[in-house]
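What follows draws every value from the coordinates through simple rules; no lab data is involved. Only a predicted model underlies this, so the values are computations on that prediction, with no experimental measurement involved. Here the Cβ is made from the backbone with ideal geometry for all residues, glycine too, and neighbour counts use every protein chain on show.
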Amino acid sequence: MNVTLGQPSQPLSSSDGGNSVAIAVAFAASLAALVVAYLLLAVPGKWFPSVKPIHFGADALNVVTGSGAVRQGALIAKPPDGSDTVIVSLSLALRSGDYPVISWEISGLPAGSEARLLWRNEYTPDRMFTAPIPIEGGEIAPLIVVKDRNWIGQIAGIALAVKLPSPTAIQVRGVYAEPLSAGSLLGLRAREWMTQERWSGTSINTVVGGAELSGLPLPLLLGLATVLATGASLLVAAVRSARIGPAFPSAVAAMFLVSWTVLDVRWQWNLAWQARATGERFAGKSWHEKHLASEDGELFAFTEKVRAKLPASPVRVFVLADADYFRGRAAYHLYPHNVYFNPWVVPTAAMKPNDYIVVFQRPNINYDNKAHLLSWDRGPPVAADQLLAEPGAALFRIR
């Protein structure tokens, strides 16, 4: 009896090893294609401009608002008395199209600082234009100011305005005016990927993976490259009527794990930096000093003053603040008082005599000292006494 054995099916695709190599090539090609596409969209002019970066040192800077002096190659500037803003200016003349990037050399800014670039152009020399500058990890990020339609023609002068959470001195070492070439833009994106993320009120929930305002987030780039390479490999196999070999899923998984590992290594590096920064910030301090040094230190200092004004027995306290984080932290610091902090809008009908209202960084709060009337968000006023007042914060007792 003759038995004809079935012939083993022949894979229509290349070998398993070939599949793995092809997917690796597809992944590298996807990364390259995405980067080129980004440069085509992001570089406004030539990829390889002929102009060179211009650097201005601390000696060329002037303090417009505040006071300062140059020491050891850096301009030490501080706000004037009673103010939290310092402005440093630079007289120059450059073509906006040749130098679309402005990079200030300043570091160590305290958390909560805000920065803006100021400039004048030749078309409206009497008008001052401004643009916000991102601050990441205590450093001012390079600003691609060419995206602003007022960065046009001849630029007659620029300035840096820094608003600080508390009056303190800053060190400005200089400023660069840079062309935006393909290489410099990729360098900016790489610097954003390596930007150290500080602890913040959202650290427990999110990891950005570098600068929060990155023009090309690294997780997005790697994720798109993985999806694109997988889709391209499947498309090629379909066009060639090739069967996917058994190593294909493993190769796709390996591509995913490589991307994951790159992001995880960056996260571990940042975590090590955060651990060291935490030690420098809190080590050897008392519980009170640790609270003052934390992210909500300003709020904690204010709630300490609020507690001194509240009765010893628990009372009802309403917290008005824009940020959920501040409302929740204020409630934590004020326990065991009966704190209402969840609603963003508190109706006046909910107020009772001898209730207390804590206001922290909340706009649209109006108080009439003479009439002792408190109102917010254009609502009806309530009779209240102001027990405590600071910039951006206050404590009231309902009559």
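General observations
- The range 87-154: chymotrypsin sites (Phe, Trp or Tyr not before Pro) falling in loop per DSSP and having at most 13 other Cβ within 10 Å: 123
- Hits among lysines - C-alpha to C-alpha of residue 46 under 19 Å, sequence gap 8 or more where chains match: 147
- Using distinct alpha-carbon pairs, which all enter the 1/r mean, Kirkwood radius of the range 291-398 in Å: 13.8
- Placing unit charges on the Cβ atoms only, positive for Lys and Arg and negative for Asp and Glu, gives the chain a dipole magnitude near 300 debye about its Cα centre.
- The chain: C-alpha gyration tensor shape, a/c 1.5 cut-off, then a/b vs b/c: oblate
- Extending 7 Å from Cα along the Cβ direction at residue 60 and again at residue 274 yields two label points whose distance is 3.9 nm.
- Cβ-placed point charges (K, R +1; D, E -1), dipole of the range 216-311 about Cα centre in debye, nearest 20: 140
- Packing, taken as the mean count of other beta carbons within 10 Å per residue, orders the peptides 168-175, 21-28, 360-367 from highest to lowest as 168-175, 21-28, 360-367.
- The chain - mean residue ellipticity at 222 nm from DSSP helices (-39,500 (n - 2.57) per run, n ≥ 4, rounded to 500): -11000 deg cm²/dmol
- By the rule of a C-alpha distance below 23 Å, with chain neighbours fewer than 8 residues away ignored, the lysines paired with residue 370 are 309, 352.
- Normalised contact order of the chain, rounded percent, pairs of Cα under 8 Å and 6 or more residues apart: 15
- Label point 7 Å beyond Cα of residue 76 along Cβ direction - residues of the range 164-197 with amide nitrogen under 14 Å: 168-173
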